[in-house]
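The values are calculated or read from the model by the stated rules, or taken from the named source; none is laboratory data. The structure presented is a predicted model; accordingly, all values stated were derived computationally and were not measured. Every residue, glycine among them, receives a Cβ derived from its backbone with ideal geometry; neighbour counts consider all protein chains shown. We work out accessible area using only protein heavy atoms, side chains counted, and drop any ligands, DNA or RNA first. Shrake-Rupley method; radii C 1.70, N 1.55, O 1.52, S 1.80 Å.
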Amino acid sequence: MMYFPQRLVIEKEVGDSPLVKRILATSPGLPVDWVDRVPENADGENGSFLEIVKFRGRFIKPCPGTRFYNCCGYQILNLGIQCSLGCTYCILQAYFTSPNVRLFANLDDAIQQLTEHLNDSPDHIHRIGTGEFTDSLLLDPLIHLSEHLVPFFAAQPRAILELKTKTAQVDLLEKMDHRGQTIVAWSLNPSEVIAREEAGAATLEERLGAAKRCQGWGYRVAFHFDPLLAYPGWRKGYQEVVERLFSAVDPGGIVWISLGTLRFMPTLKTVIQQRYPNTSILDEEFVPGLDGKLRYFRDLRVEMYAYLNELLLGIHKDLCIYLCMESDDVWREAFGYTPVERGGLSAMLDRRALSSFVPASI
Amino acid sequence: MLDKESYSIQLDEVDWNDTSCLITYGPLPDKLILSIQTVGLIHKPLLQRKSDGLFRIICGSRRLAVCRQLGLSPLSCEVLSISTSPVTSLRTAIYDNIAQRVLNPVEKSLVLTKMAKHLNQPQLVQEFMPLLDLEPSDTLCSRYVQLLPLEAPILDAIAEGTLHERIGFVLSPLERGDRLAFFNFFQELPFSVSVQEELVETVVEIGQRDNFTPRQILDSAEVNDLRRAHKRPARQRAQQIRKQLQARRTPRLTARQERFARETKDLGLPPGVRLIPPPYFEGPKWSLEFTFAGAEELAIRLRSVARLAEQAKFQRIMERE
């Protein structure tokens, strides 16, 4: 479902930026408030305002993993915050008080910081994503952000951009010279879960259709079964997703697949209960994890990971499957090995990131 | 300063139905009755003349109620001008009360609810919450305001201090029947406030998952059997019910704990040695606790545990089903 704001709130300082010019050109007639500074918690009915601001902090940061669990060493390129897809479990509900999507329009500053960051450690392999605090492609039809990012990464031999999305808004990617340096990734869940818990996002069919198109354009793709949700019939539900996934895309072109069961800071529980009183995602039992987040009881997590791992490897044995934020003992029980036995999780993913597979047309 | 004059007022001139400035809640204090009975009314109540000729009570509602009960009339009262604004009258009532005593939680709710009609939220929170010894927070303010619609027995218990206002907060979003079911349950069995909060959350979540109302769960045969086992001490019954409800809410964790207890018993650890799993079986760090009288005893226990650690059944304890 395409995001379309009812009003733009733009800081005057970024009025000349390419992103602002683009959105004004693509959305004529949209009411605009020009302001000196957008307050932190600006109004906006149901998050219907798009705030376009100058970001004054660090655009690139390491993913906020914890020392208690294996972190993949991902880096976040933060170009905006909030999301309008309305997933019941979304952690952004607890992170940000304003429901409005906010775009950082000083892209030149972001690219400069990113360049400096990459130059600081030229031998390092950088896996960088824009989908941590918003959906990577949510605003793309409006602002064409990918037109700036994909060519930039195409020129970076040691850096990979991962665009994580729950949309099917990939049209702009078709004509780009990505040189294999951009990975397009989708979060997947069974159709009944998407209908219930991800109601504003693209359907499973739409997501897989978009993935197929991206593969056809030479992109490597990735999939994130995150959050995996336990519900009556979850085995059958995820089995169907896996079957549909491999009937849509070439498994050889999947750079990685991550698994992560539902987890959240305790403060999110109340937010979910208030916003989505009919959701059933809180029905399962949760225990506090080592990082303070509430998680499914470990035996259930292991059961779900082992099931998905077997299902996925049963179809294509060369997949790179990893667990997001899990401990060695859960890795060992679910997968039969720990990341350190394969050089560490970060190195496992770096190797995949640099693999030069270009999928055949399908 | 307030514009007021002294008058002799007949009690049937008081509008007892006008509670716009009433912020007291709870029974009349025995000592106030005794005081008025013994020496009469010492401090004059403050009233306000209304356009219909009756008088609104601003300060001294309990003194007036006692006088009415004792049939003391007329009374010498201070009377505010008819032109005094409603917010000034209410503010006067509040400041008069807080200068004399600590308000109970229901009275705090009355203050915030009534003042909310005259002030915006930031003014209300910044001026009145510190005055009521409350942290100035929008969330807490809303919670106090939500107390007032609760049923009279619950409000009475909160005012008396036999039910904590935190329990009122967690009961407020529930249906009336469910609130009263919890209230009766908590009146009957001795749970701490934090356990009461935990039980409300547990029972509500079981109900949402299994499609029962909280009242149905609290009145279920399993819970009732324990509630009515009057031969057992109340504290023991309370613990058993809590355990039973927790097991129903977290069956996987409970099963794992039971299995752990069973297997640890079968393992035959020496006396003075306790195997402790990680909290919620999360993470790899298991602990052993030794109690010993001296080095020799410790050495014996260590050797014994070392032998056990080599056995397959010791390893099995740490594995999932």
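Of the conditions (1) among the aromatic types (Phe, Trp, Tyr); (2) open to solvent by 20 Å² or more (accessible area, probe 1.4 Å); (3) more than 14 Å from the chain's Cα centre (by Cα), B:Phe191 clears all except one; give me its number. Only one criterion in (1) among the aromatic types (Phe, Trp, Tyr); (2) open to solvent by 20 Å² or more (accessible area, probe 1.4 Å); (3) more than 14 Å from the chain's Cα centre (by Cα) is unmet by B:Phe191, namely (3). Pick out the one residue from A:Pro190, A:Pro232 that is open to solvent by less than 10 Å² (accessible area, probe 1.4 Å) and more than 28 Å from A:Thr26 (Cβ to Cβ). Of A:Pro190, A:Pro232, the one residue that is open to solvent by less than 10 Å² (accessible area, probe 1.4 Å) and more than 28 Å from A:Thr26 (Cβ to Cβ) is A:Pro190.
Of everything in segment A:285-297 that's open to solvent by 10 Å² or more (accessible area, probe 1.4 Å) and not in a loop (DSSP other than H, G, I, E, B), which residue is farthest from the other protein chains (Cβ to nearest Cβ)? It comes out as A:Leu294. Of everything listed in (1) surrounded by 14 or more Cβ atoms within 10 Å (Cβ to Cβ); (2) part of a helix (DSSP H, G or I), the single unmet condition for B:Gln37 is (1). For segment B:22-64, residues that are in contact with a strand residue (DSSP E or B) (Cβ under 9 Å, 6 or more places away or on another chain) and either small (Gly, Ala, Ser) or touching a residue at least 60 places away in the same chain (Cβ under 8 Å) (or both) total 2. Being over 30 Å from B:Pro190 (Cβ atoms) and within 14 Å of another protein chain (Cβ to nearest Cβ) is true of B:Arg259. Within segment A:136-148, track down each residue that is free of Cβ contacts under 8 Å to residues at least 60 places away in the same chain and either assigned to a helix (DSSP H, G or I) or more than 22 Å from A:Asp177 (Cβ to Cβ) (or both). Once the filter is applied, which keeps residues that are free of Cβ contacts under 8 Å to residues at least 60 places away in the same chain and either assigned to a helix (DSSP H, G or I) or more than 22 Å from A:Asp177 (Cβ to Cβ) (or both), segment A:136-148 yields A:Asp140, A:Ser146, A:Glu147. Within the group B:Pro277, B:Pro214, which residue is in contact (Cβ under 8 Å) with a residue 12 or more places away in the chain, closer than 30 Å to B:Gln187 by Cα and touching a Phe, Trp or Tyr at 6+ places or on another chain (Cβ under 8 Å)? Every option except B:Pro214 fails the conditions.
Considering only residues in segment B:204-223 that are open to solvent by 30 Å² or more (accessible area, probe 1.4 Å), closer than 14 Å to B:Asp178 by Cβ and in a helix (DSSP H, G or I), the one that is nearest to the other protein chains (Cβ to nearest Cβ) turns out to be B:Gln208.
If you go through segment A:281-298 and keep only what is within 23 Å of the chain's Cα centre (by Cα) and not basic (Lys, Arg), you end up with A:Ile281, A:Leu282, A:Gly289, A:Asp291, A:Gly292, A:Leu294, A:Tyr296.
Looking across segment A:52-90, the residues that are outside any strand (DSSP E or B), open to solvent by 20 Å² or more (accessible area, probe 1.4 Å) and closer than 24 Å to A:Ser27 by Cβ come down to A:Lys54, A:Phe55, A:Asn78, A:Cys83, A:Ser84, A:Gly86. For segment A:306-332, the set of residues classified as outside any loop (DSSP other than H, G, I, E, B), touching a strand residue (DSSP E or B) at 6+ places or on another chain (Cβ under 9 Å) and more than 12 Å from chain B (Cβ to nearest Cβ) consists of A:Leu308, A:Asn309, A:Leu312, A:Leu313, A:Ile321, A:Tyr322, A:Leu323, listed by residue number.
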